[in-house]
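Student: First, the structure itself, so that you have it in front of you.
The values are calculated or read from the model by the stated rules, or taken from the named source; none is laboratory data. The model shown is predicted, which means the values in this text are computed figures rather than measured ones. We place every Cβ from the backbone using ideal geometry, glycine too, and count neighbours over all the protein chains shown. Ligands, DNA and RNA are stripped out before the accessible areas are found, and what is left, the full protein with its side chains, is counted by its heavy atoms. Shrake-Rupley method; radii C 1.70, N 1.55, O 1.52, S 1.80 Å.
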Amino acid sequence: LLEDIIPKNSQFHGFEVTHSFSVIGEKTLLLNAHRLVLKLQKEELILLTINDITDHKQNIELSIQKEWFQNMAENAPVMIWITDTHKMGNYFNKTWLQYTGHTLQEELDNGWQNGIYKEDLGIFLQAYNTAFDKREPFTIEYRLQRFDGEYRWMLNKNHPTYSPDHQFTGYISSCTEIHDQRLRLMNQELGKRVKEKTKDLEEANKSLERSNHELQQFAYVASHDLQEPLRKIQTFADRLVNQFSDKLPEKGKEYVEKMTEA
């Protein structure tokens, strides 16, 4: 393009060049050029202007990215919210606001925490603060209040975010309702435990039946073994009275009678 300017009296505008400088790094430059004639010196020169548009282009790209993200986030089927470097909420998408029934102003800063079930909030904040300070992603489940007042289980995934120059900018979070799936799993687990307990109870009943049967056998044997010497005592006591009643003193008869009754 430069070689054609003088012989062809041409020019160009808005030629973009990306170049990496040893000191200031990579820059995006915008070049314009046209022929310049110095009549007194009888010279033909090229006037080349170079404009550094790095920041401008980055701002345009960021604006495009931001517009694309907002368009994507607003139409996403999941709830999306963003916090800044101070852990304050500064963005909540339409899905989140529709689900909670709150306005954006109600959710900003720490307002979003009011919708989390009280028993779950402390656990969530502990995990959130720990991960936030370490700049680590984390996943957690908690109950969030729906617009009708019912608390529903959520799966919340959280990731740190960074600017193009690698500066930490906060966290982005996505929430998906898993209430029905969680209840189904809980019911399945409960059913499994009931079956296990029922099986254990059946085994215990069988063991008890065996023990009762063994106890009945033992009672029968013990009763028989105990009754046998008593019958002999009674038999010989009767013989003693019947055969030797005339020889027994009254006191002896009294003793034999008491023994027989016992």
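Student: Considering every residue within region 133-141, establish whether at least one is in a loop (DSSP other than H, G, I, E, B), touching an Asp or Glu at 6+ places or on another chain (Cβ under 9 Å) and open to solvent by 60 Å² or more (accessible area, probe 1.4 Å).
Tutor: no
Student: Name the pairs: first residue in region 160-185 and part of a strand (DSSP E or B), second residue open to solvent by less than 50 Å² (accessible area, probe 1.4 Å) and acidic (D, E), Cβ to Cβ under 6 Å, at least 6 apart or on different chains?
Tutor: G170/D84
Student: On to the next question. Go through K247, K192, K206 for me and flag whichever is part of a helix (DSSP H, G or I), free of Cβ contacts under 8 Å to residues at least 40 places away in the same chain and over 24 Å from the mean Cα position of the chain (by Cα).
Tutor: Values: K247 fails: part of a helix (DSSP H, G or I); K192 fails: over 24 Å from the mean Cα position of the chain (by Cα).
On inspection, the qualifying residue turns out to be K206.
Student: Part of a strand (DSSP E or B) and either closer than 18 Å to S173 by Cα or not hydroxyl-bearing (S, T, Y) (or both): which single residue out of L121, L36, L125 fits that description?
Tutor: After applying the criteria, what remains is L36.
Student: Right, something else. Does R146 satisfy the criteria of being in contact with a helix residue (DSSP H, G or I) (Cβ under 7 Å, 6 or more places away or on another chain), surrounded by 10 or more Cβ atoms within 10 Å (Cβ to Cβ) and not hydrophobic (A, V, I, L, M, F, W, C)?
Tutor: yes
Student: Mind checking which pairs have a first residue in region 31-42 that is under 30 Å from T18 (Cβ atoms) and a second that is open to solvent by 60 Å² or more (accessible area, probe 1.4 Å) and assigned to a loop (DSSP other than H, G, I, E, B), Cβ under 9 Å, 6 or more apart or different chains?
Tutor: Listed by first residue and then by second, the contacts come to L31/L1; N32/Q11; A33/L1; A33/Q11; H34/N9; H34/Q11; R35/N9; R35/Q11.
Student: Can you tell me which of E257, E177, E189, E250 is of a type in the set (D, E) and surrounded by fewer than 10 Cβ atoms within 10 Å (Cβ to Cβ)?
Tutor: Step by step, each of E257, E177, E189, E250 is checked, and only E250 is of a type in the set (D, E) and surrounded by fewer than 10 Cβ atoms within 10 Å (Cβ to Cβ).
Student: Now for a different question. Out of curiosity, is E44 over 26 Å from D165 (Cβ atoms), loosely packed, with under 13 Cβ neighbours inside 10 Å and charged (D, E, K, R)?
Tutor: Spelling it out, it is not the case that E44 is over 26 Å from D165 (Cβ atoms), loosely packed, with under 13 Cβ neighbours inside 10 Å and charged (D, E, K, R).
Student: I need the full set of residues from region 67-86 which are open to solvent by 50 Å² or more (accessible area, probe 1.4 Å) and either farther than 25 Å from E136 by Cβ or touching a helix residue (DSSP H, G or I) at 6+ places or on another chain (Cβ under 6 Å) (or both), in order please.
Tutor: Across region 67-86, the qualifying residues are E67, W68, Q70, N71, E74, N75, P77.
Student: Here are the criteria: (1) modelled with pLDDT under 90; (2) loosely packed, with under 14 Cβ neighbours inside 10 Å; (3) of a type outside the set (V, I, T); (4) part of a helix (DSSP H, G or I). Tell me which single one K57 does not satisfy.
Tutor: Condition (2) is where K57 drops out.
Student: A follow-up question, please. Looking at R135, R182, R152, R146 in this structure, which one is in contact with a strand residue (DSSP E or B) (Cβ under 7 Å, 6 or more places away or on another chain) and closer than 18 Å to F92 by Cα?
Tutor: Details: R135 fails: closer than 18 Å to F92 by Cα; R182 fails: closer than 18 Å to F92 by Cα; R152 fails: closer than 18 Å to F92 by Cα.
Just a single option satisfies the conditions, and that option is R146.
Student: Which of the following residues is touching a residue at least 24 places away in the same chain (Cβ under 8 Å) and hydroxyl-bearing (S, T, Y): T28, T49, T18?
Tutor: Of the residues listed, the single one that is touching a residue at least 24 places away in the same chain (Cβ under 8 Å) and hydroxyl-bearing (S, T, Y) is T28.
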